[in-house]
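Asker: Please read through the structure below; I'll follow up with questions.
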Amino acid sequence: MIATFASATDLPPISAPDIEYSLLAPVFIIAGVAVLGVIVEAFWPRSSRFLVQAGIAVLGIVAAFADTIWVFVHLDKLDGSRLARGQVAAEGALAVDGPGVFAWGILLIFGLLSMLLFAERRLEGGLSGFTGRAADAPGSASEAEAIKHRVEHTEVFPLALFALVGMMLFATSNDLLTMFVALEVLSLPLYLLCGLARRRRLMSQEAALKYFLLGAFSSVFFLYGIALTYGYAGSFRLSDIDVAVTNRTGGENMLLAATALMAVGLLFKIGAVPFHTWTPDVYQGAPTPVTAFMAAGTKAAAFLALLRVFFVAFGGSSWDWRPIIVAIAIITMFLGAVVSISQTDVKRMLAYSSIAHAGFLLVGFVGAYAGSQDSSRITSTSSILFYLTVYGVSSIGAFAVVTLVRDSGGETTHLSKWAGLGKTSPVLAGSFALFMLSFAGIPLTGGFIGKWTVFSAAWSGGFWWLVVIGVLVSALAAYFYVRVIVLMFFTDPVGEGPTVAVPSVLTTTVLAVAVIATLGLGIIPGPLLDLAQHAGAFVR
């Protein structure tokens, strides 16, 4: 039997992919710096490795942020007869558009502030807040030996940078396979970082294990949703899925199942109910700088991915998924606000606060697609971008304060230990009070403008009743924020009162930036709102 095969010369030539390196340079810079960090980890002397790793991470993020500004300024291009803001790049894998590049900018800011908290060494007697050797059992002789020899986990910097790369890709993914890869790239380093706390090692390791198991479980839902979406639309690209959904080319049940499964994976990352159970345990157990990084960065990246999937790919089926998102928004706001009242641990309280804020953001998300005109959609998207910026900066500032209130065992996060903080350290307590007022949405803070913008988006989309519910829940949530302020300033300290560590210039810089941004965005929000509005809509 003779089989005939085409010769190699008869095969069509394989062309190299067309990569827009100038547009994607910020991602490449962070990825390159992360790889450089791995090389430094392998070859640089341990005595000075921590400072080198921290310096490389900070300089890399600054360089990527500068290039992000250049990309944002040069996004406009002619698409036929109209001017489009952004374009699809990397053979359709990424959408470098206004919202995505804006997200790059805030993610890099969050990453820079977080790296400064990672690099803080004064609080632990010249060591970082991360364990020296993760393999050492808590309280063991080997752990004591690592502390004696001042061993530090310098791998935390490249791990955080890899997570930042995943966040940036997640926010701009234009096809579902790229989005899944980005999801795993941002998640896997965070699973490791959560288990590296120097103090309370068992709680930290428990948090890492819970986050890994539940995160892997949610990723399976997301991946199964991708498979069903491909079966329905025959493509992974968001624009092709939109055409299939709009024309209803497949089975209705498969579309509903695909939408629901993908929503599970994305809602898990933003901490929405009922996929929120990991949030309080992980926030409490993880090293506080990692918690700050997750609270700001992961939520921002996941929300951009949620917006992109449901606006670009599943926009044609909004009547199917919008009622469910409305219900989730209401439950998320209410549960986050109510359960926060009963918390006695500051980090758990901030975790449930983040859940409530996810609900407020979902209110803007629902209103964003409710508008029938593109201008309404753009305005709502810009309001979500603004809210994410304000919430992220205030969260990092709040967790920076948490790192400074300490006792002999390290950070003291029980609320009773914070009584009288306003008397022992009025500046620190005042900063934390400002962040609490911003979370509550009090005027003259960035949080007030953020809530006003997302509520305005929902109102303009016809969801006035959802806005009323959001305002009532905000009033309820204000109780536990004000309770902390009263505890700090109007309650006598227990015993000797809380001990406040003197931070280095790194944590001081983070606090100063967070305070200035929280106040500045509340008093003069116009420039950032205009910038978010100028970001435009998602490209297809």
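The values are calculated or read from the model by the stated rules, or taken from the named source; none is laboratory data. Predicted model, so just to flag it, every value in this text is computed and none were measured. With ideal geometry, Cβ positions are generated from the backbone for all residues, glycine too; neighbour counts draw on all protein chains shown.
Asker: Across segment 453-469, what is the total count of residues that are at pLDDT 90 or above and farther than 15 Å from residue 358 by Cα?
Answerer: Counting residues in segment 453-469 that are at pLDDT 90 or above and farther than 15 Å from residue 358 by Cα gives 2.
Asker: For segment 394-428, give me each residue that is touching a residue at least 60 places away in the same chain (Cβ under 8 Å) and of a type in the set (Val, Ile, Thr).
Answerer: Selection gives 396, 401, 402, 403, 405, 412, 413, 424.
Asker: Is it the case, given these coordinates, that residue 472 is modelled with pLDDT of 90 or more, touching a Ser or Thr at 6+ places or on another chain (Cβ under 6 Å) and either surrounded by 20 or more Cβ atoms within 10 Å (Cβ to Cβ) or assigned to a helix (DSSP H, G or I) (or both)?
Answerer: no
Asker: Still on this structure, I have one more. Please go through segment 289-309 and give me each residue that is more than 17 Å from residue 184 (Cβ to Cβ) and touching a Lys or Arg at 6+ places or on another chain (Cβ under 7 Å), ordered by number.
Answerer: 291, the sole residue that qualifies.
Asker: Also: Would you confirm, using the coordinates I've provided, whether residue 347 is at pLDDT 90 or above and either in contact with an Asp or Glu (Cβ under 9 Å, 6 or more places away or on another chain) or in a strand (DSSP E or B) (or both)?
Answerer: When the stated conditions are applied, residue 347 passes them.
Asker: Next question. Condition (residue is buried (at least 24 other Cβ atoms within 10 Å of the Cβ) and part of a strand (DSSP E or B)) applied to segment 97-113: is it met by at least one residue?
Answerer: Checking segment 97-113: at least one residue is buried (at least 24 other Cβ atoms within 10 Å of the Cβ) and part of a strand (DSSP E or B).
Asker: Separate question: Could you please tell me which pairs satisfy a Cβ distance under 7 Å, a separation of 6+ or placement on different chains, a first residue in segment 222-239 that is in contact (Cβ under 8 Å) with a residue 40 or more places away in the chain, and a second residue that is assigned to a helix (DSSP H, G or I) and not aliphatic (A, V, I, L, M)?
Answerer: 222/180; 222/265; 223/180; 225/265; 226/180; 236/230; 238/308
Asker: Now, a different point. I'd like the full set of residues that are touching a residue at least 12 places away in the same chain (Cβ under 8 Å) and either surrounded by 21 or more Cβ atoms within 10 Å (Cβ to Cβ) or of a type in the set (A, V, I, L, M) (or both), limited to segment 450-469.
Answerer: Residues satisfying the conditions are 450, 451, 453, 454, 455, 457, 458, 461, 463, 466, 467, 469.
Asker: Testing residue 85 on (1) assigned to a loop (DSSP other than H, G, I, E, B); (2) closer than 30 Å to residue 237 by Cβ; (3) at pLDDT below 75, one condition comes back false. Which one is that?
Answerer: Unmet for residue 85, out of (1) assigned to a loop (DSSP other than H, G, I, E, B); (2) closer than 30 Å to residue 237 by Cβ; (3) at pLDDT below 75: (1).
Asker: Among 145, 91, which is surrounded by fewer than 23 Cβ atoms within 10 Å (Cβ to Cβ) and in a helix (DSSP H, G or I)?
Answerer: Answer to the selection: 145.
Asker: Go through segment 301-359 and count every residue that is surrounded by fewer than 18 Cβ atoms within 10 Å (Cβ to Cβ), of a type in the set (S, T, N, Q) and farther than 29 Å from residue 177 by Cβ.
Answerer: 2
Asker: Could you please give the count of residues in segment 496-511 that are at pLDDT below 85 and out of contact with any Lys or Arg (no Cβ under 9 Å at 6 or more places or on another chain)?
Answerer: Going through segment 496-511 one residue at a time, the tally reaches 1.
Asker: Only one of 258, 216 is buried (at least 19 other Cβ atoms within 10 Å of the Cβ) and either within 17 Å of the chain's Cα centre (by Cα) or more than 25 Å from residue 337 (Cβ to Cβ) (or both); which?
Answerer: Criteria check complete, one pass: 258.
Asker: Provide a single number: the residues in segment 229-239 that are surrounded by fewer than 19 Cβ atoms within 10 Å (Cβ to Cβ) and modelled with pLDDT of 90 or more.
Answerer: Within segment 229-239, residues that are surrounded by fewer than 19 Cβ atoms within 10 Å (Cβ to Cβ) and modelled with pLDDT of 90 or more number 2.
Asker: When only residues in segment 494-508 that are free of Cβ contacts under 8 Å to residues at least 60 places away in the same chain and among the β-branched types (Val, Ile, Thr) count, which is surrounded by the most Cβ atoms within 10 Å (Cβ to Cβ)?
Answerer: Pass one, segment 494-508, residues free of Cβ contacts under 8 Å to residues at least 60 places away in the same chain: 495-496, 505, 508.
Filter again for among the β-branched types (Val, Ile, Thr), leaving 505, 508.
Numbers: 505: 11, 508: 15.
Taking the candidates together, the pick is 508.
Asker: I want to confirm something. Restricting to segment 509-530 and keeping residues that are among the β-branched types (Val, Ile, Thr) and under 22 Å from the mean Cα position of the chain (by Cα), which single residue is surrounded by the fewest Cβ atoms within 10 Å (Cβ to Cβ)?
Answerer: Only one residue fits best here, namely 516.
Asker: Name the residues in segment 406-431 that are surrounded by 20 or more Cβ atoms within 10 Å (Cβ to Cβ) and not in a loop (DSSP other than H, G, I, E, B), would you?
Answerer: 411, 417, 418, 421, 422, 428, 429, 431
Asker: Of all the residues that make up segment 148-197, how many are outside any helix (DSSP H, G or I), surrounded by 24 or more Cβ atoms within 10 Å (Cβ to Cβ) and of a type in the set (A, V, I, L, M)?
Answerer: Residues flagged as outside any helix (DSSP H, G or I), surrounded by 24 or more Cβ atoms within 10 Å (Cβ to Cβ) and of a type in the set (A, V, I, L, M) within segment 148-197 amount to 2.
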